1. Say we look at the range 148-163 and pick out the residues that are free of Cβ contacts under 8 Å to residues at least 60 places away in the same chain and not basic (Lys, Arg); which of these is nearest to Arg45 (Cα to Cα)?
2. If Gly119 passes every condition in (1) under 17 Å from Pro90 (Cα atoms); (2) modelled with pLDDT under 85 but one, which one does it miss?
3. Could you list all residues from the range 86-103 that are modelled with pLDDT under 70 and under 17 Å from Gly119 (Cβ atoms)?
4. Which of the following residues is under 21 Å from Leu177 (Cα atoms), hydrophobic (A, V, I, L, M, F, W, C) and out of contact with any helix residue (DSSP H, G or I) (no Cβ under 8 Å at 6 or more places or on another chain): Ala52, Ala27?
5. When you scan the range 51-69, how many residues do you find that are under 15 Å from the mean Cα position of the chain (by Cα) and of a type in the set (D, E, K, R)?
6. Which one of these does Gln187 not meet: (1) modelled with pLDDT under 90; (2) surrounded by fewer than 15 Cβ atoms within 10 Å (Cβ to Cβ); (3) of a type outside the set (A, V, I, L, M, F, W, C)?
7. Report every pair of residues separated by at least 6 positions or lying on different chains whose Cβ atoms are under 9 Å apart, first residue within the range 23-40 and at positive phi, second assigned to a helix (DSSP H, G or I) and not β-branched (Val, Ile, Thr).
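The values are calculated or read from the model by the stated rules, or taken from the named source; none is laboratory data. Note that the structure is a prediction, hence the values are computed from the model and not measured. Here Cβ is always computed from backbone atoms with ideal geometry, including for glycine, and neighbour counts include all displayed protein chains.
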Amino acid sequence: MKTRGFTLVEMLVSLFVFALLSAAGVAVMAYTVDNQDSVSLRMDRLGELQRARVLLRQDLAQAAARRVRDGRGEAMRSAFFGAPEGVGDPVLAFTRRGWENPEQAPRASLQHVSWRLVGDRLERLASPALDGAEPGPPQVVLRGVRELRIAYRHHGQWSPAWPGGAASVPDAIELRLALDGVGELRQVFLLAGQQP
């Protein structure tokens, strides 16, 4: 009785086919992992951008025409400060309503906030008291900001500098940002009591 097995050539061909399939599988897996990392980075960047937008929208929607006093007791010139073309420290400073107080601490529901651009970071600062208090530590809201330009709408006109009076806030603010990995972004925010 004669038994029949695999020849050396048949074994080599089968190993070659297996090697090709394995190499293709590894290439597909590597592509999938690279793609997943890229999508994950993009989603993280989009999440950071959305959080910054929501925080700024909440602050601006609660803007109040209330001036504050500095550490020397002198009143600020304007209830709303906006730097021309988004340059300066801060680029925006104003009082906002609606500061939540779940623990019923003895403090106002108004809060003075300011936004500034430090290097490529957009930061938010909030003061624990309205008058004479130094702001707390900065909260980094957005990274990778190459450029920030601001326009202010007041009495139906857009202006690159805030032309309002001492006790007024703009009707709307337009923010133009140049962001790493995103490009140019334009956002328009209505302020308290304004209708679209």
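1. Filtering the range 148-163 for residues that are free of Cβ contacts under 8 Å to residues at least 60 places away in the same chain and not basic (Lys, Arg), the one nearest to Arg45 (Cα to Cα) comes out as Ala151.
2. (2)
3. Passing the criteria: Gly86, Val87, Gly88.
4. Ala52
5. Count: 4.
6. Only one criterion in (1) modelled with pLDDT under 90; (2) surrounded by fewer than 15 Cβ atoms within 10 Å (Cβ to Cβ); (3) of a type outside the set (A, V, I, L, M, F, W, C) is unmet by Gln187, namely (1).
7. As it stands, the answer is none, since no pair meets every condition given.
Residue-wise test of (1) part of a strand (DSSP E or B); (2) in contact with a strand residue (DSSP E or B) (Cβ under 8 Å, 6 or more places away or on another chain); (3) more than 17 Å from Ala83 (Cβ to Cβ).
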position	(1), (2), (3)
Ala108	no, no, yes
Ser114	yes, yes, no
Leu117	yes, yes, no
Glu123	yes, yes, no
Pro128	no, no, yes
Gly132	no, yes, yes
Pro135	no, yes, no
Arg149	yes, yes, no
